[in-house]
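The values are calculated or read from the model by the stated rules, or taken from the named source; none is laboratory data. Values in this document were obtained by computation on a predicted structure and should not be read as measured data. Here the Cβ is made from the backbone with ideal geometry for all residues, glycine too, and neighbour counts use every protein chain on show.
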Amino acid sequence: MGEEPAPKDIEALDRLKSDIVEQLRAAGVKFPIKTKADLADIYPKGTQKSCMYKGREVSLHDLIDNIDDRAFPLENAGDTATALVSSCQMNVVK
C-alpha cells in the first residue's frame, strides 16, 4: 500500500484540494466532467498548478491518466479535486 503520509504532506494535499476547488469555481468550469479528455482540456499540458507530495512535484495534467475511469463523471469541483489529489499520492509514491 505504500508508506503513510506525514502530517505536513497531508496539509499540503488538503491545501492543494482547496486550491483546485477555488480554481475550478473561479474559472466557471461546467460539471459534470465526463472523461479524462474533458479534464485534460481544463488542465492542459504545461498547466502551472502542480502536486507536491513527498518532495516530488508533478503537473496536474500528468496526473489525469492515473485517475481511475470509474471516477467519471466528476460531478463537482470537490470530486475533481479529490480525484486529482488521490492520483497525486499514487503517482508520487510509485
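Filtering the range 34-68 to residues that are under 12 Å from Ala81 (Cα atoms) and modelled with pLDDT of 95 or more leaves only Leu39. Looking only at residues of the range 18-57 that are among the β-branched types (Val, Ile, Thr) and under 15 Å from Asp79 (Cα atoms), we find that the one that is surrounded by the most Cβ atoms within 10 Å (Cβ to Cβ) is Ile33. Do the conditions hold for Arg25, that is, is it over 13 Å from Val85 (Cβ atoms) and at pLDDT below 90? It is false that Arg25 is over 13 Å from Val85 (Cβ atoms) and at pLDDT below 90.
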